[in-house]
Amino acid sequence: MKKNQLEIALQRLTPLTDRDPRLEQYPTPADIAADMLWEAFGAGDVEGRDVVDLGSGNGVFCIGAKLLGARRSVGVEVDPGAVTVAKENATAARVDVEFVEGDVASATGTFDTAIQNPPFGAQTRHADRAFIKKALELAPATYSLHLDGTQDFVSSMVQALGGRCRPVKRYKFEIPYAFEFHRKPSETVLVILFKFER
């Protein structure tokens, strides 16, 4: 599969419609998700690997990883409605993906790679900390998306947990109008893709 084919496949996935603002369920744009997966794939961290997607939402990363040849792909998601949508998306994409309904902090298992777009912490302060901690526990390689300006915090937390952290790429991430407290049709924020290594 080529990168543009992956992006097209991810664009076809059904987004979440009933979102919880506390969970910051903003969809990862297909072009960004495809590029993140392609970075991980190019580094040898997807094909033939066991991959976990923490906070999997509609399943974009775990489905994308399976499309790129992951041996095993698991999505962990606390929202049961999102799990239902993700399962339907996996069926439509004709891939075998496992979904675990539960809080990220309770996730268990051994994986080669974690791929995630954790909450940015706009609604629940420090919401991304559990994702960083759990990703490092579960996998030796993690691809994680965070707000620009949080580099020092992310790097220091990863180091405190015994890992290494480096920025890989920056993206312009569009957040569409989704909740009543939003004042604009959409807002664009700068985000950074980090790679953590345990």
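Taken together, the values in this text are just the output of simple stated rules run on the coordinates, not laboratory data. Predicted model, so just to flag it, every value in this text is computed and none were measured. Glycine gets a Cβ as well: all are built from the backbone with ideal geometry, and neighbour counts include every protein chain shown.
Taking Cβ atoms as reference points and 10 Å as the exclusive limit, the residues near G64 contribute a net charge of -1, counting Lys and Arg as +1 and Asp and Glu as -1.
Taking trypsin sites (Lys or Arg not before Pro) across the stretch 1-106, the ones in a DSSP loop with at most 15 further Cβ atoms lying within 10 angstrom of their Cβ are K2, R12, R71, R94. Electrostatic tally near L10: other residues with Cβ closer than 11 Å to its Cβ, Lys and Arg +1, Asp and Glu -1, net -1.
Can you tell which of P119, P80, P27 shows the greatest fluctuation in a Gaussian network model of the chain with Cα springs below 10 Å? Comparing P119, P80, P27 in a Gaussian network model of the chain, the most mobile one is P80. Estimated from helices alone, the mean residue ellipticity of the chain at 222 nm is -9500 deg cm²/dmol (sum of -39500 (n - 2.57) over DSSP H runs with n ≥ 4, per residue). Rounded if a/c is under 1.5, else prolate if a/b is larger than b/c, else oblate: which is the chain, with a ≥ b ≥ c the root eigenvalues of its Cα gyration tensor? Verdict is rounded for the chain. Neighbours of L190 by Cβ distance under 10 Å: Lys/Arg scored +1, Asp/Glu scored -1, total +1. Within the listed set D53, D128, D148, the residue fluctuating most in the Gaussian network model of the chain (springs between alpha-carbon atoms under 10 angstrom) is D148. How would you classify the stretch 94-153 from its alpha-carbon gyration tensor, with a ≥ b ≥ c the square roots of the eigenvalues: rounded for a/c under 1.5, else prolate if a/b is greater than b/c, otherwise oblate? Prolate, since a/c reaches 1.5 and a/b exceeds b/c.
Only Cα pairs under 8 Å and 6+ residues apart enter the sum, and on that basis the relative contact order of the stretch 1-100 stands at 27 percent.
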